[in-house]
Each structure stands twice: as structure tokens, then as C-alpha cells.
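Colleague: This is the structure, below, for whatever I ask next.
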Amino acid sequence: MALARLEDARAARRAAGLDPGLIGASLRGTRKRGDERAAPGGSDDEPAVGARERDVPRARIQKHRYHLLAALERREQVVAVLLDPSSRHVALAGADGRLVVAPSGRGTLVASLPRPPQGRTYQAWVQTGGTARSAGVFEPSEGHAIFRLEQPVLRGSAVMVTLEADGGVPAPTGQFVVRARA
């Protein structure tokens, strides 16, 4: 029974991206039965009652916190590009909107786009020279998208958007629905 709970906790930690080696220290009781200070129901061989229940939500909270902080950082970068007076603004072909590029090469796509069909997503591409590299996938909210490109946008680069399968693809497969030349 105790081994099964330990394996469940290790699997939960792995799913949350945490070090499974830490699970033993967090779940194992540190005192022997009979010791008045022992964790409730715990011993060195048996996890304390409720420890797994406490650790799994804690791992989820930590993972959620990480994703929120990453999203906040991306939004701050978008705002910095949009507010930078030296950023270049380029009109889009194929949709209302603009490509905004900071002198550092950070790019933000601001576009009015309809919701993609079921099972499809928009994928941005940056082409410098002959190869188009994925700059990320996105989905508009209420007909608008403000998307930070994950590839640098050099002067003269082409920025394109295609409709692709959910999750994106390694190379463009569809027609470009939006284009801009930085």
C-alpha cells in the first residue's frame, strides 16, 4: 500500500516536471511509530497521511505559477515593443493589422483574424534568406491577436501566418493568410 502511494506521488511529480528523487524526502515520515512527534500515520516506510494530497496540489500550484510568470514576461515584452518610439510599424497584407518590430529585432504581430476552424491553429513564420522558421502558434481572442514572435525579425525578413494543424508543424504546409516585409 505504501509503495503504491509512493509510486503515485512519483508519477505526479514527473507529470508536474519536478524531480522524482525529492518525493521520498517530502513524503516519508522522519520519526518512528510510537514517537509522540511522529507524523500522523507515518513511519520511515509509510508516507504520512495526507502528504501526497498536499504535495500534488503544491506541484500544480508551482507549475501554474511558472506559466503565469512566463505569460506575464511575454506580455511585458509585447508592451515594450509596442510602446518603443523607435519600433517600425509595417502594414499587413491579408488582414487588418500591423507588424511592429523593435530595433532589437523583437517582433509583435497585431492582427484582426477570425477564429480558426476546429482542429486548426494560426502559426507565424519568419523567413530570413530562404528558410521559414516557426515563430510560434496562436489563436485570436474575440477576432484580435496580439502575438509576440518567437524568432528575431531582421530588416528585410518576411513574416507570414498560415493555418496549420493544432500544435503547429515544422514547416509551412498551407497558404499564407497574412504577410509583411520587415
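Colleague: For residues that are aliphatic (A, V, I, L, M) and within 20 Å of the chain's Cα centre (by Cα), scanning just region 157-170, find the one that is surrounded by the most Cβ atoms within 10 Å (Cβ to Cβ).
Modeller: The qualifying residue surrounded by the most Cβ atoms within 10 Å (Cβ to Cβ) is 161.
Okay, residues lined up against (1) free of Cβ contacts under 8 Å to residues at least 24 places away in the same chain; (2) loosely packed, with under 13 Cβ neighbours inside 10 Å:
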{"position": "89", "(1), (2)": "yes, yes"}
{"position": "97", "(1), (2)": "no, no"}
{"position": "101", "(1), (2)": "no, no"}
{"position": "110", "(1), (2)": "no, no"}
{"position": "118", "(1), (2)": "yes, yes"}
{"position": "124", "(1), (2)": "no, no"}
{"position": "146", "(1), (2)": "no, no"}
{"position": "155", "(1), (2)": "no, yes"}
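Every number in this text was worked out from the coordinates using simple rules, so none of it is lab data. Quick caveat, the model's predicted, so the values are computed rather than measured. Methodologically, a virtual Cβ is constructed for each residue, glycine included, from the backbone with ideal geometry; neighbour enumeration extends over all protein chains shown.
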